[in-house]
Structure formats: structure tokens, C-alpha cells
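Written out below as C-alpha cells is the structure these notes cover.
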Amino acid sequence: MKSLFERLLDYYSLNKDEYNALQCEDESKLPSYLVFPKIEEIVEYFNSAIKESKKILIYGDYDTDGIMSLAIMTNLFSKVNYNPGFYMPSREDDGYGLTKENIDIFYKLGYQIILCVDNGISLINEIDYANSLGIEVVIFDHHTILDKLPNAKYIIHPSLSSIGEYNISAGMVSFYFSWAFLGYIDHYLLTLASISTISDMMILKSYNRLIVKLGLKYINEEKFSSIYNLIDKKYETISEDNFALEIAPKINSIGRLINSNTRFNVVKYFLNDDKLNFKRLNRINETNTKRKELISEFSSSLKINENESAIITIIQEAEGLAGLVANNLLNKYDKPVVVFSTTKQENILKGSARSKNGFNIVKAFNSLKYLLLTYGGHDCAGGLSIKKEDYDKFVKEFNLLANEHKFIEEHKEVVPLYLSDLNLEDYNLYRSFGPFGEGFKKPLFVIKDFPVASFIKSKDDKHLFAKANGNGKIVYFNYNHDIYKYRYIDIIGELTRNTFNGSAYIQFLIRDFNAK
């Protein structure tokens, strides 16, 4: 029988030398900031602007990557006693990217330089307009470059660099500039960049992997209060799961729900790692709680036609939540989903679409573009807008496409696991393959021939529990009652570490099972 280490090497197609390379936590192994052309010239440009007391505004985005980018750049300038303006756009009122309307406002306020972070690379006309007013625009972005580059003063973009084959987050672009500007790596700013790398689902290989490993190392060692306090349950070791499942959703909730200027407080929260920053922290937590409640409320109250090939519905004036509700409905009904939201424009609906392998969102939008005002996205996720009068036609045509293109069931690779593996030592071995994320997914494990009679039901008959060796437990939350049709099953799940009354134990969380 192969050891768990050998089984994990097989799963990831790694040899021992490649595994050892995964353990690297050496800052010197990061690509130099010099991979970005003219970065030192851009440093000098901003230094000169600061010395000349020019007014600089940093224009970001309303998601975690944009907010981390804003926080990194504003923190950076404060280190040389310069306080720039910053702007976090409203999802509903501004939309994505620098707008001509906002350029007019910044011009009247006397701003001479606009630094776009996490946006700008596709804004050809807007940047030409800023130039016409005498405003210089600098772009730190990572989104897809279109047919031509905007006429910006400077651009830092991974595709215009020699950093490597993997895209990086805008937060990481901003971190790289901070490194060049300061002449050293600031651990707090790097950790903010590592959060953006996870939140924006960058491929977790090479330099992206290293930036996340370093970010986790520094948050665990230095416990930056603005980051640490966003984690509800203080685990012995903070992991990438805390970044992805706790921190990023809380930050995103502000951009999804708050349109007033109080949304700027989420950026201010990260500016000085202030240990007394509890008022802003409470606001973030309250907004995240409201987000969860609204998603649950919308998801449970919607009228759904389960007999259609796709799930298409409308929620009222909750554009920022449409994508999250769509995710919930996709998981519940396992069909392509489009959730529209009413908007301030009476005749316009904005929507978020979600899908799985087999039904391509972008291809569907292209087929229906005669009905769409705007659209874009990826294979399994996208956004669109339509006229209200075209809703019924869209529903009919989208359902026809969904009926023609069914989901393709994906075969999930699993790692064989034995009850004897459910111990702290083997759990730590498994975790040594982390961090896990896009392009390097957390493995699913399978325990074969598990006796169903070993389970004990919870008092409310919603969950099942079983003991393994020593400090190992098996848990099946909200279990499928069909399990009792069988004597033995193969249980599929993931490993977690938990603590109760000061004692650590390993949990095998069941996600599915195969009947024998």
C-alpha cells in the first residue's frame, strides 16, 4: 500500500523534487520588479509629482482585488507623507472602470493625475477624454488587452512584462510597484496582494503560489490586525480558506450592497492597520451578515419553474447580489441560471449567468446578442443587460439553448484514504501540499467500503457522525437519507482540522457517496 505522501504525489503528478520546490517561502525567489518595463521610470514620475505637490487620485474597483489595490497604493504613498485621493466606484451608479462623468468631477476638483488600479486597460475613449482635459492617466491593470492600448502616460500590465505565463491580480501589480517604490518588500502590502490573488482566482502556480505562501506566512507571524480581525474563528493557523471563504466575501459585500460614500470606509479600514479600527470592522461584518440574509431570502422566495431547461428569474434592485443568488440556484437545480435584477433605469434589467461544463455562457450570449444591450464573461459565468420588453423572448430562446446543450458530468479524481490516515501527522502532510486554489485544487479523498451501520444520527436526524482512529472523526452534514439503503458505501470528502476543548482532531467531511 502506498503512503499518503506517495498517493498525493501521484494525484498532483509531482516527483519529490517538485514537492520540495512547493515548500519555498523565500522572498528572493519572487521575480524582480524589473520584469515590468519602465517601472523605475514610473517610480521617478510619481516621486516628482509628489515633490511638486500635484494632486493624484487613485481609481479602483468595487471587488476585493480593486479594494486591495486601492489600499496598497494609498498605504504606499502615505509612507512618504503624501495623501492621495482615492475613489472606489459604486457598482450601481458608476459601474466598472473610469467614466467620463467621474473624470469631469475629478477635473473640477483639480486632480492632475489619475492612477487606475484594476481597471483602465480597455478604456480607450475615457483616457483620451482625460488627456484632452490635461489629466495624465497611469494604469496598473491585469484584464485582457483589446486591439490597442489606451493612450496612457504609463501602463504596468503582466502581459506587457516578462513575469511569466500566469496572469497576476491587480493587487499583485500594485504590490510590485510598491516594492520598486520603497526599495524593499513590505510584508503588510504583500499580504494584501496575496488576498487579492486568492479572491481573483489567479492560477496558483509559480510566483502566484509563492505570493500566497508568503502572505500566509506573514499573517500568521505578524497578525496584522486589519486582516486578522476579519477572521471570525481564530484558527491556530490561518490558511488560504480563510482568505477565500471569510475575508474576500466580507470585503466584497461592501461593493455589493453599499452605494453611498460610506463604502469608502472599507478602503480606509486597511490603510493603517489600526488596532482601534473596530467601528469600520463592525460595519463590514454587519454588511456581510446582511448579504447572507438577503441571498437566503432571495433564493428561497423566488418563483422557479423547475420544468424548464434553465432557471431564469428576476430579483428586485439587488444587482450586486444577482451573481451570488445565481450560484445558489446553480448548485440547487444543476441547470444553467440567469438572475436578472431591476435597475434605476425603468426599462433595463441587468443579469448574472452561471453554468457548468457543457453549456458555454459566452457562446449562448453570442447566439442571443440581438436581444442583449451589453454582455461579457467566461465559459461558466457572465453578465448581461436587456430591455424589460425582451425578457420573455430571452427566456424562451435561452431555454432552447439550454435544452440543446446539456451539462457534461465531470469525473472528479480522488485520493484513496484509509481510516488510519485520519491523524494530525498525516493531516499536516496533506496541508504541506497547500496552499490550494485555482489550477492547484484541494483534493477530494475517498474512503472505500465504509459500513453505514457505523454512523450515529444527530438528535434532529439531519447529520451523521462516526469515529475513526484516535483523534479522527467522520461527519456528514445534511445527509442524504438514501444512504440507509446500503450496507457499505464509498464516502467522498475533504479533510479539515478542528479543535474542541483545547484538543485538536481531524474531520473527514463527507461531500458525496457512491453506493456499493
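Taking into account only those residues within the range 466-485 that are charged (D, E, K, R) and part of a strand (DSSP E or B), which is nearest to the chain's Cα centre (by Cα)? Can you show your working first?
Residues of the range 466-485 charged (D, E, K, R): 467, 473, 482, 485.
So of that shortlist, the ones also part of a strand (DSSP E or B) come out as 467, 473.
Working: LYS467: 35, LYS473: 30 Å.
Applying the filter and picking the extreme gives LYS473.
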Checklist entry - Between residues in the range 387-411 that are part of a helix (DSSP H, G or I) and residues that are of a type in the set (Val, Ile, Thr), which pairs lie under 6 Å by C-beta distance while being six or more apart or on different chains? => result PHE394/ILE386; VAL395/ILE312
Next on the checklist: Checking ASP379 against (1) surrounded by 13 or more Cβ atoms within 10 Å (Cβ to Cβ); (2) farther than 28 Å from ASP482 by Cβ; (3) more than 25 Å from the chain's Cα centre (by Cα): exactly one of these is not met. Which one?
Outcome noted: (3)
Next on the checklist: Every residue in the range 20-41 that is of a type in the set (A, V, I, L, M, F, W, C), within 17 Å of ILE168 (Cβ to Cβ) and either open to solvent by 70 Å² or more (accessible area, probe 1.4 Å) or outside any loop (DSSP other than H, G, I, E, B) (or both), please.
Outcome noted: LEU34, VAL35, ILE39
Item to check | Selection within the range 429-453 - surrounded by 13 or more Cβ atoms within 10 Å (Cβ to Cβ) and of a type in the set (Gly, Ala, Ser) | outcome: GLY434, GLY437, GLY439
Next on the checklist: Quick check on my filter: what residues within the range 3-19 are open to solvent by 40 Å² or more (accessible area, probe 1.4 Å) and in contact with a Pro (Cβ under 8 Å, 6 or more places away or on another chain)?
Outcome noted: TYR11
Checklist outcome for this item: If we keep only residues of the range 462-490 that are touching a Gly at 6+ places or on another chain (Cβ under 9 Å) and aliphatic (A, V, I, L, M), then the residue surrounded by the most Cβ atoms within 10 Å (Cβ to Cβ) is ILE474
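Quick one: is ILE50 in a helix (DSSP H, G or I) and among the aliphatic types (A, V, I, L, M)? Give the derivation first.
Working: in a helix (DSSP H, G or I): yes; among the aliphatic types (A, V, I, L, M): yes.
Taking the combined requirement at face value, the residue satisfies it.
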Next on the checklist: Residue under question is LEU146, and the condition is that it be open to solvent by 10 Å² or more (accessible area, probe 1.4 Å), closer than 19 Å to ILE42 by Cβ and modelled with pLDDT under 95; does it hold?
Outcome noted: no
Next on the checklist: List pairs: first residue in the range 321-348 and without any contact (Cβ under 8 Å) to a residue 40 or more places away in the chain and farther than 20 Å from SER309 by Cα, second residue charged (D, E, K, R) and outside any strand (DSSP E or B) anywhere in the structure, Cβ distance under 7 angstrom, at least six positions apart or on different chains.
Outcome noted: SER341/GLU317; SER341/GLU319; THR342/GLU317
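Just need a number here: residues in the range 159-206 that are open to solvent by 10 Å² or more (accessible area, probe 1.4 Å), aromatic (Phe, Trp, Tyr) and either assigned to a helix (DSSP H, G or I) or under 19 Å from ILE67 (Cα atoms) (or both).
Of the range 159-206, the ones open to solvent by 10 Å² or more (accessible area, probe 1.4 Å) are 159-167, 179-188, 198-203, 205-206.
Right, trim to aromatic (Phe, Trp, Tyr) and you get 166, 179, 181, 184, 188.
In the following step, the residues that additionally are either assigned to a helix (DSSP H, G or I) or under 19 Å from ILE67 (Cα atoms) (or both) were identified as 179, 181, 188.
Selection size over the range 159-206: 3.
The values are calculated or read from the model by the stated rules, or taken from the named source; none is laboratory data. These numbers were taken from a predicted model, which means no experiment stands behind them. In this analysis, Cβ positions are derived from the backbone assuming ideal geometry, glycine residues included, and neighbour counts consider all displayed protein chains. Areas reflect the complete protein model, heavy atoms only, side chains present, ligands, DNA and RNA absent. Shrake-Rupley method; radii C 1.70, N 1.55, O 1.52, S 1.80 Å.
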